[in-house]
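Visitor: Please read through the structure below; I'll follow up with questions.
What follows draws every value from the coordinates through simple rules; no lab data is involved. Worth saying up front: this structure is predicted, and the values here are computed from it rather than measured.
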Amino acid sequence: MTDTIENRLRLLEDEAEIHRLAARFSDAANERDNEAFLSLWANAGAVWEIGEPLPARAEGREAIAALFEALNKIQRYFMQMTHSGVVTLAGDRATARFVMREHGLGDGAFYDNLAVYNDVLVRETGGWRFLERHYSYRFLNQEPFKDEAFPSGPST
């Protein structure tokens, strides 16, 4: 057997850490936590891209922080849910694909979607971080909904 138990355990730990990173991304987005959100990104070369039909792109941690803050300003309510994910490890780099669901309301705009994040990740001193996140819409409904929405943000 070429794989040691230590190597197999390390692979499991790495995959679990990447799944937790994706979950922390949604948690930071849902709680509008700028500091937690920024901590998820690689120190150099990070890219966050949201595809058509509502495109946005930010390169570098400062631009990513600015985009995150701008998106939060236009939303009264927003929830993002990370669903299943597939991770492929290659040493200190990895790729992942996560299925996403988002629902939101902002200044007369309605937002309900299904999408996929295609990610490139790197292992840094503090653990795994997103180097690239590319969001691809698979379904988008912007028709008004009649349900009641409550503001997002930190609970007191």
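Visitor: Using Cα atoms only, what is the angle between the long axis of helix 5-31 and the major principal axis of the chain, expressed in degrees (0 to 90) to the nearest 10?
Guide: 10
Visitor: What Kirkwood Rh does segment 79-156 have if only Cα atoms enter the pairwise 1/r average? Answer in Å.
Guide: 14.6
Visitor: If you don't mind, another one. Please report, to one decimal in angstroms, the Kirkwood hydrodynamic radius of segment 21-112 built from all distinct Cα-Cα pairs.
Guide: Value: 14.3 Å, from the Cα pair sum.
Visitor: Averaging sequence separations of C-alpha pairs under 8 Å and six or more residues apart, then dividing by the length of the chain, give the relative contact order as a whole percent.
Guide: Rounded, it is 24 percent for the chain.
Visitor: I would also like to ask the following. Multiply the residue gap between Asn118 and Ile74 by 0.36 nm, knock off their C-alpha separation, and tell me the result in nm, one decimal place. Don't jump to the answer; show the numbers that get you there.
Guide: Values: separation 44, 0.36 × 44 = 15.84 nm, distance 2.49 nm.
The span from Asn118 to Ile74 would gain 13.4 nm if fully extended.
Visitor: In Å³ and rounded to a whole number, note down the convex hull volume per residue for the Cα atoms of the chain.
Guide: With only Cα atoms used, the chain gives 128 Å³ per residue.
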